[in-house]
1. Go over the candidates 68, 97 one by one and state the one that is surrounded by 11 or more Cβ atoms within 10 Å (Cβ to Cβ), on the phi > 0 side of the Ramachandran plot and not in a helix (DSSP H, G or I).
2. For the range 44-65, which residues satisfy the criterion of being touching a residue at least 24 places away in the same chain (Cβ under 8 Å) and part of a loop (DSSP other than H, G, I, E, B)?
3. In the set 88, 72, which member is within 25 Å of residue 131 (Cα to Cα) and at pLDDT 90 or above?
4. Within the range 114-126, can one find any residue that is in contact with a helix residue (DSSP H, G or I) (Cβ under 7 Å, 6 or more places away or on another chain) and closer than 17 Å to residue 55 by Cβ?
5. What single numbered condition from (1) under 28 Å from residue 36 (Cα atoms); (2) in contact (Cβ under 8 Å) with a residue 24 or more places away in the chain; (3) touching a strand residue (DSSP E or B) at 6+ places or on another chain (Cβ under 6 Å); (4) not in a loop (DSSP other than H, G, I, E, B) fails to hold for residue 92?
6. Here is a check on your reading of the model: is residue 80 without any contact (Cβ under 8 Å) to a residue 24 or more places away in the chain and within 15 Å of residue 100 (Cβ to Cβ)?
7. Need the failing condition index for residue 82 against (1) surrounded by 16 or more Cβ atoms within 10 Å (Cβ to Cβ); (2) part of a loop (DSSP other than H, G, I, E, B), just the number.
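The values are calculated or read from the model by the stated rules, or taken from the named source; none is laboratory data. Values in this document were obtained by computation on a predicted structure and should not be read as measured data. Because the Cβ atoms are built from the backbone with ideal geometry, glycine has one as well, and the counts that use them run over all protein chains shown.
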């Protein structure tokens, strides 16, 4: 009789132990998924910051850099330079697509960098409001820098 009680107690103990282990594994998987999503978001923000602070397109006057400002003349020249030196910029910007859209006063589009993927696992889009400065006319225009970061299939 005592042996049967001991077996039942051990059986219940192991069932509770297994249920606790299953709960722990699911919580750990959930935390890993959350951390992976945060890492993807941080990578997208890092690429957006690198694109925003490329010296090839930044506004500067007497070596003073203006925040959230893109020089129109540098932008036109940089889009060609980046296409010619794609490997160098791939190390900085990875699989992403960076377009600059002038919204006001005259709508225009420039593709600064395009290393898009046709097949990707997910895409994170970051829009950054910017000022586009034309040094010839000394005028600012309003625009948006759109950075699309692609994550490859694993």
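1. Values: 97 fails: on the phi > 0 side of the Ramachandran plot.
Matching residue, one of 68, 97: 68.
2. To start, the set of residues in the range 44-65 that are touching a residue at least 24 places away in the same chain (Cβ under 8 Å) comprises 44-45, 47-48, 50-52, 54, 56-57, 59.
Result: 54, 56, 57.
3. Values: 88 fails: within 25 Å of residue 131 (Cα to Cα).
It is 72.
4. no
5. Going through the list (1) under 28 Å from residue 36 (Cα atoms); (2) in contact (Cβ under 8 Å) with a residue 24 or more places away in the chain; (3) touching a strand residue (DSSP E or B) at 6+ places or on another chain (Cβ under 6 Å); (4) not in a loop (DSSP other than H, G, I, E, B), residue 92 breaks only (3).
6. Answer is yes for this residue.
7. The one condition residue 82 does not meet is (2).
Table: residues versus (1) under 25 Å from residue 66 (Cβ atoms); (2) touching a strand residue (DSSP E or B) at 6+ places or on another chain (Cβ under 6 Å).
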site	(1), (2)
104	yes, yes
107	yes, no
111	yes, yes
118	no, no
130	yes, yes
134	yes, no
